[in-house]
Amino acid sequence: MLDAAFRDRAVYLRAADALVVADLHVGRAEASDVTVPLDEAGDLRGRLAALLDRFDPAEAVFAGDVLHAFDRASAAAERSLRDLGDACREAGARPVVLRGNHDTMLEGAWSGAVRDAYELRPADDAGDGGDATRGPVVVRHGHEAPPDDEDAGLYVVGHDHPAIDVEGRRRPCYLYAEAAYRGADVLMLPAFTRLAGGAEVNGMTARDFRSPFVADADAFRPLVRAEEDDETLTFPPLGAFRRLL
């Protein structure tokens, strides 16, 4: 199993000393037709700051769909994104920003580099890298297939916003499978924004996922973070789990 800690829709990879979040969708509240204003910026920064305080990572990776709107980055969205970067730097973590399919305007909104993929390096005291024993840990958004010659032992992706219904309650979930894509393990993260309802994976097959990293949905094991009990629940792979529901 992964040498990782799961909390509040994020993952901390111990061997790389890196926190990864995906699908922040900054600016989604502006695009929502709601009567009561949503403090999206405060929610994102507050939760990110709590994760940074908890894990004290060397790096914080935003794994794509950082922005929500395809056609513009409003002043409020740019300010929120800048605040997220400041939260990382104030905590001593280097922010790393990856583009997703929504991020057509990201270069103009983010002052630093924007990448398609990011290879995590083992921390100085992490030995051989732990999770990456068969190859590096590579973070991508997950909407596009990587180059054929890319070497990875683990892919960490987002994009599909996975959620699962357990006893009538929908929860965001992680999906994990070994040797799921070109021999590499795959970990799919839930959306970090709490404004996304999530795609219920209970009955989804591979063709229902938008990410090419899910070639066999039945092989993916849901992991659900039960914050109220401070534990991560690990379920059987979806192929077997469906028969138990």
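The values are calculated or read from the model by the stated rules, or taken from the named source; none is laboratory data. If you're wondering where the values come from, they're calculated on a predicted model, not measured in any experiment. Here Cβ is always computed from backbone atoms with ideal geometry, including for glycine, and neighbour counts include all displayed protein chains.
Observations on the structure shown:
- Count of residues meeting criterion [over 18 Å from F192 (Cβ atoms), of a type outside the set (A, V, I, L, M, F, W, C) and in contact with a Gly (Cβ under 6 Å, 6 or more places away or on another chain)] in segment 137-169: 2
- Unique residue being basic (K, R), out of contact with any Phe, Trp or Tyr (no Cβ under 8 Å at 6 or more places or on another chain) and in a loop (DSSP other than H, G, I, E, B) when the list is R207, R194, R171, R243: R194
- If you go through segment 63-93 and keep only what is outside any loop (DSSP other than H, G, I, E, B) and exposed (fewer than 15 other Cβ atoms within 10 Å of the Cβ), you end up with A75, A76, R79, R82, D86, R89, E90.
- When residues of segment 95-104 are limited to those that are crowded, with 19+ Cβ neighbours inside 10 Å and assigned to a loop (DSSP other than H, G, I, E, B), the one modelled with the lowest pLDDT: D103
- Remark: pairs (first residue in segment 48-68, farther than 15 Å from A15 by Cα; second residue in a loop (DSSP other than H, G, I, E, B) and of a type in the set (K, R); Cβ separation under 7 Å; 6+ apart in sequence or on different chains) = G64/R99.
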